[in-house]
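Trainee: Before we start, here is the structure in question, set down as structure tokens.
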Amino acid sequence: MADAVGAILVASVTLYAVLGGADFGGGLWDLLAGTTARGRAPRDLIDASITPIWEANHVWLVFDLVIFWTAFPRAFASVMTALALPLWLAVGGIVLRGAGFAFRKEITRLSQQRAAGAVFAFSSLLTPFFMGTVVGAIAAGAVPADARHASLAAWTSPTALLSGFVFAAACGFLAAVYLTVEAGRRHDQTMGAYFTRRAQAAAVVTGALSLAALFEVHGSDPAFFSRLTGRALPLVVLAGVCGLAVLAMLTAGRAKGIRSVAALAVAAVIWGWGVAQYPVLLPRTGMTLTSAGATQATFVALVVVAIAAVILVVPSFALLYTLQGRRLLGGGEQLAPPAAGRIS
Amino acid sequence: MSMTLLAAAQGSAQDVPARAQMATTLGFHIILACFGIALPTIVLLAEFIGLRKGNEVAMRLARRWSQVMGVLVAVGAVSGTVLSFEMGLLWPGLMRQYGSVLGVPFALEGLFFFLEAIFAGIYLWGWQRLPGWAHWWSGVPIAVSGILGAMSVISVNAWMNTPGGFTEKNGRITSVDVWQVLFPRSAIYEMPHMILAAYMVAGFGVASVYAVGILRGHRDRYHYTGFALGFVPAAILTPFQILVGDTAARSIAQDQPVKFAAMEYVPKSARQVPEWLGGVYVNGHIYGGLKIPFMDSLLVGFRPSTKVTGWDTVPPADRPPVVWLIHLCFDAMVGLGSLLLLVGLWAAWTWWRRRRWPRPLLFWLLGAVGGLAAIVAMECGWVVTEEGRQPWVVYGLQTTAQAATTNGGVLTSLSFVIVGYGLVGAATIGILLMLSRRWRRDDLDDAPVPYGPPPVLANQPSSQVES
């Protein structure tokens, strides 16, 4: 049962990464879109594609946290204590991202729009970075079993920092790939080409950073490296193949299925981490899924909630994405049109 | 003295700033949560009237309110996330020990939060292109999951007040009875009390906005409709809230007698206990309160001879530290609730006799402050329930000091939270005021063409308009 809940946790982390991560990536491209006039078209597209769905995607994060603390309370308490600083910074980023994005829509004065947009964009970059350092620190075994104090060293190790960069880059990669599809739907070839170039660049950067991280782990944590290239090898290979496939599809201009392949690349990395670490929850502490765990009844309750989520939440998400895909969701004449459109 | 210092050093010096931070973030979020729970129902009511009766004013209000809802849902989503993080960042001791117990209702809440956020995405952004009734139905899951989500979260708080449903051996949880955790004894009064409070905050809150407009001389159908759509549901629910609250207080006298003693100033267990209205308790003296003989005994057991448990039944260390705050907040909550009841009765009386709203200025002044009064009453209620449970985080089992983080620096995060939430709160209010100004301008623009073609109704399929 603990294994099942562990799998549920990794699955919902994956969903947060490929859905919520892309929304952060959108903020990254908003940040890099340049001056007001030049960045108008991409900001418009980013805003329109994030608007109706980001809150729903964001709920995966809350769900992840709840499953983590309910199923593995001791590990949760240790992580939250040892890695308090990057977690606080991520929390700050989450608040500013959400508020900045929501406010920018309603504001009409250009200078205020710019300020809100900048808050949204910067925090979209910083939040995944700090979350990445947290995951990196856990993977590197920097969290003790019963942590009582925050540790700066835990999340500033090369592994943790590299992991932070990989997260930020992967968000940008996902967002750029998704945005090529969004541009295609709107028959906007300029934006299609714009985000294709960025998706290619992001794919290369993300791949390079991932390889660098792998290389770094080879030096700093040979045992973890051997598990990554041992039983997790198929997943690591899958991630690489998917990454290359996305590059090829971008070059060939093939939009069909490209989002799934890109998401699969990111998912394979997360599952590779999970498989390499299994059944250990906090490496170098011996805390496993069962020893950090809750009682059988709690696990059963979580599995029931997960099944209910599949029955209730998955069709709802399908409805949301379908309506969004058919462009049935958008501002009306009385609801403010996306503000980014007027940043010019 | 040295004992206290020692205890503080052994426990955690962080529990006071951690509590201050939790109070700030929760006190901020709970207002948004109230609107998240209840505003969708009010918006759906307006849209229903708009669709059913072709009432264009109600339809315009529904559209505008859903834009407000969009802002509040976004800020509420992030301020709620902050709380999820704080559960671990501020209270790792609580989570380490009881995370697997209190996590179960939270997991359910996650489920409802999903449904709320997904359908909010559809409803809020589907105004233009979804057909009328389909759009209306897309809002129903938001209202339903808002209530169910609130019930899940309140079940956690109820569990902290009356913990049960698990066995603990050698400091570890060995078994959990999920149903008992989901429905602790106090849930039966806490759940309706908070959900009704949410409807009162949102209803009186919406009404306040239009009462201000009416006071400023905008005595038009638009403002009266807006006022009625908020005021009527809230005023109807207020008497039920007072009944629930009365039951809750009597149950707390049994479930958490020390909390009740603090609420009512009962230092010693006794019969014929008086009721204190107001008054500040300092060192065994009550300054400036109004004393009603036997009243507290009467309220608890309907007889002057009813024995009420005082806080002398537990050692001083197990008593809430600031008794006067609990008592005054309790009185403020009851007082404001009763005031809102009277305002509702006034409107009902005038309607019954004259089929119109009351005309006196006082009624509209009260309507204008009703939203604030409901918010203050609700916040006071939370102060009573949380402050009254101290020094415990899980009543009788774990102290707040044991639950708090062992990390330093909570004062730093507290400072950032105060500044950050201050800015976000100010920006939220600023944006709502800005929307209101924009709408007033729009209405003025519309005004010169009273005999023009009817404006396109929100929900008519607008494909011709689009293309």
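Trainee: Among the candidates A:PHE195, A:PHE215, A:PHE225, A:PHE299, which residue alone is aromatic (Phe, Trp, Tyr), under 30 Å from A:ALA41 (Cβ atoms) and part of a helix (DSSP H, G or I)? Write out each step before concluding.
Mentor: Values: A:PHE215 fails: under 30 Å from A:ALA41 (Cβ atoms); A:PHE225 fails: under 30 Å from A:ALA41 (Cβ atoms); A:PHE299 fails: under 30 Å from A:ALA41 (Cβ atoms).
On inspection, the qualifying residue turns out to be A:PHE195.
Trainee: In segment A:135-185, what residues are charged (D, E, K, R) and within 14 Å of chain B (Cβ to nearest Cβ)? Before you say what the answer is, go through the steps one by one.
Mentor: Here is the first cut: in segment A:135-185, the ones charged (D, E, K, R) are A:146, A:148, A:182, A:185.
If the condition is that a residue be charged (D, E, K, R) and within 14 Å of chain B (Cβ to nearest Cβ), then A:ASP146, A:ARG148 are the ones that fit.
Trainee: Are any of the residues in segment B:296-304 surrounded by fewer than 18 Cβ atoms within 10 Å (Cβ to Cβ), within 21 Å of B:LEU341 (Cβ to Cβ) and not hydrophobic (A, V, I, L, M, F, W, C)?
Mentor: No; the residues of segment B:296-304 include none that is surrounded by fewer than 18 Cβ atoms within 10 Å (Cβ to Cβ), within 21 Å of B:LEU341 (Cβ to Cβ) and not hydrophobic (A, V, I, L, M, F, W, C).
Trainee: Would you pick out the residues in segment B:115-147 that are within 30 Å of B:GLU387 (Cα to Cα) and either in contact (Cβ under 8 Å) with a residue 60 or more places away in the chain or away from chain A (no Cβ under 11 Å) (or both)?
Mentor: Residues of segment B:115-147 within 30 Å of B:GLU387 (Cα to Cα): B:145-147.
Correct list: B:GLY146, B:ILE147.
Trainee: Next question. Kindly indicate whether A:VAL143 is part of a helix (DSSP H, G or I) and of a type in the set (A, V, I, L, M). Quick ask: steps written out before the conclusion?
Mentor: On the way: part of a helix (DSSP H, G or I): no; of a type in the set (A, V, I, L, M): yes.
When the stated conditions are applied, A:VAL143 does not pass them.
Trainee: Residues of segment A:54-89 being more than 8 Å from chain B (Cβ to nearest Cβ) and among the aliphatic types (A, V, I, L, M), which ones?
Mentor: Matches in segment A:54-89: A:ALA75, A:ALA82, A:LEU83, A:LEU85, A:LEU89.
Trainee: Now a separate question. Does B:PRO239 satisfy being touching a Gly at 6+ places or on another chain (Cβ under 8 Å) and part of a loop (DSSP other than H, G, I, E, B)?
Mentor: Numbers: touching a Gly at 6+ places or on another chain (Cβ under 8 Å): yes; part of a loop (DSSP other than H, G, I, E, B): no.
Taking the combined requirement at face value, the residue does not satisfy it.
Trainee: Within segment B:130-146, is even one residue crowded, with 21+ Cβ neighbours inside 10 Å and closer than 30 Å to A:THR295 by Cβ?
Mentor: The answer is yes, given that some residue of segment B:130-146 is crowded, with 21+ Cβ neighbours inside 10 Å and closer than 30 Å to A:THR295 by Cβ.
Trainee: Collect the residues in segment B:150-194 that are of a type in the set (A, V, I, L, M, F, W, C), over 29 Å from B:LEU39 (Cβ atoms) and touching a helix residue (DSSP H, G or I) at 6+ places or on another chain (Cβ under 7 Å), keeping them in residue-number order. Working first, answer last.
Mentor: The initial filter retains those residues of segment B:150-194 that are of a type in the set (A, V, I, L, M, F, W, C), namely B:150-151, B:153-154, B:156, B:158-160, B:166, B:173, B:176, B:178-179, B:181-183, B:187-188, B:191, B:194.
Next, only the ones that are over 29 Å from B:LEU39 (Cβ atoms) stay: B:166, B:173, B:176, B:178-179, B:181.
Scanning segment B:150-194 gives B:PHE166, B:ILE173, B:VAL176, B:VAL178, B:VAL181.
Trainee: Would you check which residues across segment A:291-313 are facing another protein chain (nearest Cβ under 7 Å) and crowded, with 16+ Cβ neighbours inside 10 Å and list them?
Mentor: Looking only at segment A:291-313, we keep the residues that are facing another protein chain (nearest Cβ under 7 Å), and these are A:294-295, A:297-298, A:301-302, A:305, A:308-309, A:312-313.
Once the filter is applied, which keeps residues that are facing another protein chain (nearest Cβ under 7 Å) and crowded, with 16+ Cβ neighbours inside 10 Å, segment A:291-313 yields A:ALA294, A:THR295, A:ALA297, A:THR298, A:ALA301, A:LEU302, A:VAL305, A:ALA309, A:LEU312, A:VAL313.
Trainee: Select from segment B:10-45 the residues that are β-branched (Val, Ile, Thr) and touching a helix residue (DSSP H, G or I) at 6+ places or on another chain (Cβ under 7 Å) and list them in ascending order. It would help to see each step written out before you state the result.
Mentor: So the first thing to find is which residues in segment B:10-45 are β-branched (Val, Ile, Thr), and the list is B:16, B:24-25, B:30-31, B:37, B:41-43.
Once the filter is applied, which keeps residues that are β-branched (Val, Ile, Thr) and touching a helix residue (DSSP H, G or I) at 6+ places or on another chain (Cβ under 7 Å), segment B:10-45 yields B:THR24, B:THR25, B:ILE30, B:ILE31, B:ILE37, B:THR41, B:ILE42, B:VAL43.
Trainee: State the number of residues belonging to segment B:102-114 that are more than 7 Å from every other protein chain (Cβ to nearest Cβ), touching a Gly at 6+ places or on another chain (Cβ under 6 Å) and of a type in the set (A, V, I, L, M, F, W, C).
Mentor: Applying the first criterion (more than 7 Å from every other protein chain (Cβ to nearest Cβ)) to segment B:102-114 yields B:102, B:105, B:109, B:112.
Imposing the further condition that a residue be touching a Gly at 6+ places or on another chain (Cβ under 6 Å) reduces the set to B:109, B:112.
Keeping just the survivors that are of a type in the set (A, V, I, L, M, F, W, C) gives B:112.
Residues in segment B:102-114 being more than 7 Å from every other protein chain (Cβ to nearest Cβ), touching a Gly at 6+ places or on another chain (Cβ under 6 Å) and of a type in the set (A, V, I, L, M, F, W, C): 1 in total.
Trainee: For segment B:242-295, what are the residues that are assigned to a helix (DSSP H, G or I) and among the hydroxyl-bearing types (Ser, Thr, Tyr)?
Mentor: Just the residues of segment B:242-295 that are assigned to a helix (DSSP H, G or I), to begin with: B:242-255, B:257-264, B:295.
Once the filter is applied, which keeps residues that are assigned to a helix (DSSP H, G or I) and among the hydroxyl-bearing types (Ser, Thr, Tyr), segment B:242-295 yields B:THR247, B:SER251.
Trainee: With respect to A:ARG38, is the statement that it is charged (D, E, K, R), outside any helix (DSSP H, G or I) and over 18 Å from the mean Cα position of the chain (by Cα) true? Before you say what the answer is, go through the steps one by one.
Mentor: On the way: charged (D, E, K, R): yes; outside any helix (DSSP H, G or I): yes; over 18 Å from the mean Cα position of the chain (by Cα): yes.
For A:ARG38, the condition - charged (D, E, K, R), outside any helix (DSSP H, G or I) and over 18 Å from the mean Cα position of the chain (by Cα) - is met.
Trainee: Kindly establish whether A:VAL241 is within 14 Å of another protein chain (Cβ to nearest Cβ), surrounded by fewer than 22 Cβ atoms within 10 Å (Cβ to Cβ), part of a helix (DSSP H, G or I) and not charged (D, E, K, R). Lay out the reasoning, then the answer.
Mentor: On the way: within 14 Å of another protein chain (Cβ to nearest Cβ): no; surrounded by fewer than 22 Cβ atoms within 10 Å (Cβ to Cβ): yes; part of a helix (DSSP H, G or I): yes; not charged (D, E, K, R): yes.
Answer is no for this residue.
Trainee: Related question: Going through segment B:297-322 one residue at a time, which ones are of a type in the set (Val, Ile, Thr) and over 18 Å from B:ALA270 (Cα atoms)?
Mentor: Quick first cut of segment B:297-322, residues of a type in the set (Val, Ile, Thr) only: B:300, B:306, B:308-309, B:313-314, B:322.
The one that is of a type in the set (Val, Ile, Thr) and over 18 Å from B:ALA270 (Cα atoms): B:VAL322.
Just so you know, all these numbers are worked out from the coordinates, no wet-lab data involved. Keep in mind that what you see is a predicted model, and the values were worked out from it rather than measured. Note that we place each Cβ from the backbone using ideal geometry, even for glycine, and neighbour counts take in every protein chain shown.
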